[in-house]
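Heads up, the thing below is written out as structure tokens.
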Amino acid sequence: MNDRDLTDPGEFVDPTVHDDVFLIHSAQRDPSSFSLLYRKYVERVFRYIYSRVGQVPEAEDLTAQTFLSALENFPRFRNNGSFAAWLFAIARSKVMDYFRRQRSTPLMENLTDSNERDLLSEVIHSERVATLSKLIANLPEEERELLRLRFLGEMTYAEMAQVLHRSESAVKKATQRTLARLQAQMEVYYE
């Protein structure tokens, strides 16, 4: 049976939705199965939180708090929305609480993939990452949040819309506008 067999013939279905439905039903029947949801989302949630707080220990702690809260509130989760959106809304709330306690502003960290490269390529890559990091740091918080949710949280536009309480089309347009502006700024910088 493929994903198309589960819905109307003309309707496309995201296969991860069915995976989540299965995992959610399993966890509702047997709470120890919540660990499957944890394993599926922990890395994405950690990356999102780390991009906000910039410190590994704090990000680990907030990630743990997010999943603890999700587990404690899991009986109240209604399967009428996206589990990812619900989970990231919890993570976002934990980060906001953290900053309220800290009374400081978040910094965007340099998230590079350090593959083995020759020295010149590494220098060029580092310079571009630093430039992009500066451009991102100068974005309004709302636009940085869009990028965090989309690329670090690996969320769909529909999931982002749920988290941000906006329409999917508004979130998609705002994200695409932000990316286009960043690309144009990078091109101007490297002309």
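Can you confirm whether Ser51 is in contact with a Lys or Arg (Cβ under 6 Å, 6 or more places away or on another chain), at pLDDT 80 or above and either surrounded by fewer than 17 Cβ atoms within 10 Å (Cβ to Cβ) or not basic (Lys, Arg) (or both)?
Working: in contact with a Lys or Arg (Cβ under 6 Å, 6 or more places away or on another chain): yes; at pLDDT 80 or above: yes; either surrounded by fewer than 17 Cβ atoms within 10 Å (Cβ to Cβ) or not basic (Lys, Arg) (or both): yes.
Yes.
Taking the criterion of being in contact (Cβ under 8 Å) with a residue 40 or more places away in the chain and in contact with a Ser or Thr (Cβ under 6 Å, 6 or more places away or on another chain), the residues of the range 17-71 that qualify are Ala27, Val45, Ile49. For the range 56-93, which positions are within 20 Å of Phe151 (Cβ to Cβ), open to solvent by 50 Å² or more (accessible area, probe 1.4 Å) and modelled with pLDDT under 90? Selection gives nothing.
Return yes or no: is Ala184 at pLDDT below 95 and over 30 Å from Lys40 (Cβ atoms)? Yes: the conditions hold for Ala184.
Rundown of residues vs (1) among the aliphatic types (A, V, I, L, M); (2) at pLDDT below 70; (3) more than 27 Å from Lys172 (Cβ to Cβ); (4) open to solvent by 60 Å² or more (accessible area, probe 1.4 Å), yes/no style:
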residue: Arg100; (1), (2), (3), (4): no, no, yes, yes
residue: Met108; (1), (2), (3), (4): yes, yes, no, no
residue: Asn115; (1), (2), (3), (4): no, yes, yes, yes
residue: Asp118; (1), (2), (3), (4): no, yes, yes, yes
residue: Arg128; (1), (2), (3), (4): no, no, no, yes
residue: Leu132; (1), (2), (3), (4): yes, no, no, yes
residue: Ala137; (1), (2), (3), (4): yes, no, no, no
residue: Arg144; (1), (2), (3), (4): no, no, no, no
residue: Arg150; (1), (2), (3), (4): no, no, no, yes
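Annotation: Ser169 fulfils all but one of (1) modelled with pLDDT of 95 or more; (2) surrounded by 12 or more Cβ atoms within 10 Å (Cβ to Cβ); the unmet one is (2). When you go through Tyr190, Tyr157 one by one, which is the residue that is under 18 Å from Tyr48 (Cα atoms) and either open to solvent by 30 Å² or more (accessible area, probe 1.4 Å) or touching an Asp or Glu at 6+ places or on another chain (Cβ under 6 Å) (or both)? Criteria check complete, one pass: Tyr157.
The values are calculated or read from the model by the stated rules, or taken from the named source; none is laboratory data. What you see is a predicted model; the values in this text were computed from it and never measured. Don't worry about glycine lacking a Cβ; one is built from the backbone with ideal geometry, like all the others, and counts go over all protein chains shown. For accessibility, only protein heavy atoms count, side chains too; no ligands or nucleic acids. Shrake-Rupley method; radii C 1.70, N 1.55, O 1.52, S 1.80 Å.
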